[in-house]
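**Student:** Dropping a structure here in structure tokens format, bear with me for questions.
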Amino acid sequence: MATEAAMIESPQRKPISLLARLKNIAVYVPFLGPFLFLVVTYFFLPVVLTTALSFTSMDSKMEWNFVGLENFRRLFSDPIIPGIARNTAIYVILTCVFNVGFGFFLALLTTYFVERENIGLIFRSIWLLPRMTPSVIYIIMWQWFVSPTELGFVNQILRAFGQPPQAWLARRPMPILILVNGFIGASFGMIIFSAAIKSIPVDLIRAARVDGASDLAIVRRIIVPMLKWPIMFLTIWQILSLLASYEYILLLTDGGPFYKSEVWSLNAYHRAFSSLQFGYGASIALVLVVVGVIATFIMLKLFGFQRLMEPAKAGA
Amino acid sequence: MSDSRTSTTSPAKFIARVPLWERIRVRVGKILAYTLLIVVSAPIVVMYVWLFMQSISTRVLLGFIPQKLSLNNWRFLWSEVTIGVRTYTNIWPVVLNTFLFAIGVTFLVVLVSALSGFALSRFQFRGRIQLTQMTILLHAFPGVTLLIAIYYILFVLWKVPVIGPIIGLNSIWGVVFVKSALEIPMAAWIVKGFFDEIPWDIEWAAYVDGCSRLQAWRRVILPVIRPGIASVAIFAFLAGWSEFLYLFTFIFEQRNFTLSLYVKQLIGDFKFVDYGLLSAAALFYMIPPLLFFLFTQKSLLRVSFGGVKG
């Protein structure tokens with residue numbers, strides 16, 4: 001019957017004229033035009049350009065000098081690269097663990113263990129503050145905190161115990177950087193996990209308590225399984241965004257001292273903008289993109305598989 | 001919150017008395033939780049208290065005990081500042097630059113996301129799904145990769161006669177376009193969500209009355225989601241105000257600096273660090289985000305939690 005109706009209607013369909021087609025598209029132009037223009041110019045075009053640039057030796061003269069795989073050959077024979085790769089791995093993995101773990105810890109403490117809503121809110125606000133602070137200011141506070149001079153907070157505490165001041169940033173840049181980024185990143189996890197914990201039906205927990213479950217058991221058996229999906233999501237998200245992050249490192253140590261805290265993305269930035277070797281910098285950045293794509297595939301495979309095995313729990 | 005152990009719905013045989021060690025254990029657990037929270041949150045509190053205290057005194061003990069109150073740290077507001085061998089110019093043009101940048105970003109983000117959010121919400125066109133997928137994918141792209149190519153693009157734009165110096169390298173407005181372009185996909189996604197909520201009837205009535213798409217959008221639908229647009233605007237402004245990296249990369253003349261670059265310059269060498277001046281300038285720079293934080297912290301945190309309240 002449907003085909004009959006179509007056949008009856010079809011004689012009325014005329015081919016759409018070019019003018020009518022243009023008029024159709026014209027509706028879209030004011031709405032999508034600016035969006036497309038901006039996204040193409042500042043997103044798609046740069047992707048293409050960076051890929052092309054990585055095969056050139058463009059420097060401050062801004063000339064397109066195609067040199068094939070020369071940049072990559074130079075990259076992989078550079079003696080500081082293994083150190084940078086190691087720094088990046090340490091930074092990404094440890095900060096991710098900190099963000100997810102500490103975020104969970106904070107969420108748990110402020111929503112489960114602390115029962116007064118107001119107090120939980122106060123602590124969550126405190127932890128949101130670094131995220132809302134401009135990066136320069138946040139770094140100034142940390143610079144004071146770990147300052148090598150006597151005025152630094154940690155050194156002042158040490159002085160109270162009669163110890164000499166230490167140059168923390170020079171001696172242990174990585175752990176400090178992990179904390180600096182961690183304090184910001186943990187707040188993200190805290191928000192997500194808090195929401196998830198709060199959406200667990202209270203009756204479940206009360207029932208468990210009535211049955212005599214300790215807090216630890218409740219956390220292990222009820223809360224953690226309910227948070228499996230946010231934990232997975234956050235881990236993948238954090239690893240990808242940490243691979244690409246370098247703003248705080250740039251501000252606090254600038255990769256120093258002597259590349260001790262230089263990570264891959266920062267190295268690409270330095271090569272391109274400090275040494276003005278745009279082609280070389282682009283090739284370093286391109287490697288990062290490839291690593292990111294591979295990492296995404298691996299993680300999706302890993303976590304996607306698990307998700308197939310465990311159907312979503314009620315309320316999760 | 002009533003304790004389930006004393007619930008009256010439990011069987012009469014069930015003894016509703018909590019053993020002593022149970023109560024002690026709960027009390028100790030609570031104290032432990034509070035202590036842990038205070039200890040880990042302390043560094044943050046110390047830092048912000050220091051920022052304030054240091055800005056109004058010449059010397060601060062242990063981070064929060066000011067020793068000599070002074071407004072000298074705030075002298076950058078009314079005079080030139082010399083630290084070591086460098087002199088920093090009057091701060092007010094810098095404030096203007098920062099404000100213009102933030103407003104520029106806000107305007108562009110709000111306008112384009114309101115327009116494209118509407119299209120994403122209402123129009124069915126080929127490649128719609130692919131487009132949204134692509135833009136989400138690109139959002140996860142390493143920023144430094146884009147930066148290098150954007151530098152080249154801005155360099156090329158710089159050479160363009162007449163408008164080059166405005167939209168190219170070393171210009172506030174050039175970076176406005178960059179920052180906005182990178183923020184818009186996410187903003188458009190959010191605005192799309194707002195538009196999705198609006199029932200078709202209002203829009204249909206507008207079309208029946210003879211409005212074109214644009215007119216309907218402007219006069220009928222946009223006013224309805226005004227609060228949503230307002231929040232997008234506020235976030236865009238704060239993002240623009242706090243922006244550092246793109247400005248640092250693309251702007252090199254001091255007269256085009258924004259507050260983030262100005263403050264960064266003040267950090268300088270460790271030998272010459274004047275913490276008083278630095279913290280005062282930092283605090284000054286932080287006023288808008290701080291105001292926003294203070295006024296909205298409650299609703300900010302509430303909004304993020306859907307779900308059953310504990």
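**Student:** Obtain the nm distance between the two label points defined at residue A:207 and residue B:26 by a simple spin-label model: each point lies 7 Å from its Cα along the Cα-to-C-beta direction.
**Tutor:** Distance between the two pseudo-spin positions: 2.1 nm.
**Student:** Another question about this same structure. Go ahead and set up a Gaussian network model of chain A, Cα springs under 10 Å, then flag whichever of A:253, A:149, A:111 fluctuates most.
**Tutor:** A:149
**Student:** How many angstrom lie between the Cα centre of the range A:208-265 and the Cα centre of the range A:131-174?
**Tutor:** So the two Cα centres are separated by 24 Å.
**Student:** Here is a further query. Starting from the Cα-Cα distance between residue A:61 and residue A:23, subtract it from 0.36 nm times their residue separation and give me the gain in nm to one decimal.
**Tutor:** 9.1 nm
**Student:** Another one. Give me A:150, B:243 ranked fewest to most by other Cβ atoms within 10 Å of their Cβ, as a rough exposure proxy.
**Tutor:** A:150, B:243
**Student:** On to the next question. How far is the Cα center of the range A:280-298 from the Cα center of the range B:193-230, in Å?
**Tutor:** Centre-to-centre distance over Cα atoms comes out at 42 Å.
**Student:** Given Cβ point charges of +1 (Lys, Arg) and -1 (Asp, Glu) and nothing else, what value in debye, to the nearest 20, does the dipole of the protein assembly as shown about its Cα centre take?
**Tutor:** 1140 debye
**Student:** Oh, and also: With a 10 Å cut-off between alpha carbons and a GNM built on chain A, which of A:22, A:250, A:53 moves the most?
**Tutor:** A:22
**Student:** Shifting gears a bit: Compare the Cα positions of B:280, B:290, B:103 along the charge dipole of the protein assembly as shown (+1 at Cβ of Lys, Arg; -1 at Cβ of Asp, Glu; about the Cα centre) and return the one farthest towards the positive end.
**Tutor:** Looking along the dipole axis, the top candidate is B:290.
**Student:** Based on the alpha-carbon gyration tensor of the protein assembly as shown and its eigenvalue square roots a ≥ b ≥ c, which shape applies: rounded if a/c is under 1.5, prolate if not and a/b is larger than b/c, or oblate?
**Tutor:** oblate
**Student:** What residues qualify as long-range amide H neighbours of residue B:57, i.e. H under 5 Å apart, gap of 5 or more or another chain, H built at 1.01 Å from N?
**Tutor:** B:70
**Student:** Residue by residue, what Karplus-based ³J(HN,Hα) values in Hz, rounded to whole numbers, does the range B:287-296 have, using 6.51, -1.76 and 1.60 with θ = phi - 60° and x for Gly and Pro?
**Tutor:** Result, ordered by residue: 3, x, x, 5, 4, 4, 4, 5, 7, 10 Hz.
**Student:** Then there's this: In debye to the nearest 20, how big a dipole does the range B:88-304 give about its Cα centre with +1 on each Lys and Arg Cβ and -1 on each Asp and Glu Cβ?
**Tutor:** With Lys and Arg at +1 and Asp and Glu at -1, about 220 debye.
**Student:** Using each residue's phi in the range B:251-262, evaluate 6.51 cos²θ - 1.76 cosθ + 1.60 at θ = phi - 60° and report the 3J(HN,Hα) Karplus result to the nearest Hz, with x for Gly and Pro.
**Tutor:** Values per residue, Gly and Pro as x: 10, 10, 9, 4, 6, 9, 5, 10, 4, 5, 6, 4 Hz.
**Student:** Another question about this same structure. Given the pairs A:198/A:301; B:68/B:264; A:198/A:228, which span a C-alpha to C-alpha distance of over 19 angstrom in this model?
**Tutor:** Distance filter (> 19 Å) returns A:198/A:301; B:68/B:264.
**Student:** Further question: Farthest toward the dipole's positive end in the protein assembly as shown, which of A:25, B:225, A:212, given Cβ charges of +1 (Lys, Arg) and -1 (Asp, Glu) about the Cα centre?
**Tutor:** Final value for the positive-end residue is A:212.
**Student:** Mind checking which of A:113, A:258, A:68 is farthest towards the positive end of the protein assembly as shown's charge dipole, using Cβ charges of +1 (Lys, Arg) and -1 (Asp, Glu) about the Cα centre?
**Tutor:** The residue sitting most towards the positive pole is A:113.
**Student:** If amide H atoms are built 1.01 Å from N in the plane of the peptide, which residues on other chains or at least 5 residues away come under 5 Å of the amide H of residue B:81?
**Tutor:** Sorted by chain and number, the residues that satisfy this are B:88.
**Student:** What residues qualify as long-range amide H neighbours of residue A:56, i.e. H under 5 Å apart, gap of 5 or more or another chain, H built at 1.01 Å from N?
**Tutor:** So residue A:56 has HN proximity to A:67.
**Student:** I'd like the FRET efficiency for residue B:295 and residue B:111, computed as 1/(1 + (r/R0)^6) with the beta carbon distance as r and R0 of 25 Å, rounded to 0.05.
**Tutor:** 0.50
**Student:** With chain A treated as a Gaussian network of Cα nodes joined by springs under 10 Å, which of A:159, A:171, A:86 yields the largest mean-square fluctuation?
**Tutor:** The residue that fluctuates most here is A:159.
**Student:** Most exposed first by the Cβ proxy, i.e. fewest other Cβ within 10 Å, how do A:142, B:92, B:158 rank?
**Tutor:** B:92, B:158, A:142
**Student:** Can you list the HN-Hα couplings for the range B:99-108, worked out from phi with the Karplus curve (6.51, -1.76, 1.60; θ = phi - 60°), rounded to whole Hz and with x for Gly and Pro?
**Tutor:** Those phi angles translate into 5, 4, 4, 4, 5, x, 4, 4, 4, 5 Hz.
Values in this text are rule-based calculations from the coordinates and carry no lab data. Computed from a predicted structure; not experimentally measured. Please note: Cβ atoms are built from the backbone with ideal geometry, for glycine as well, and neighbour counts cover all protein chains shown.
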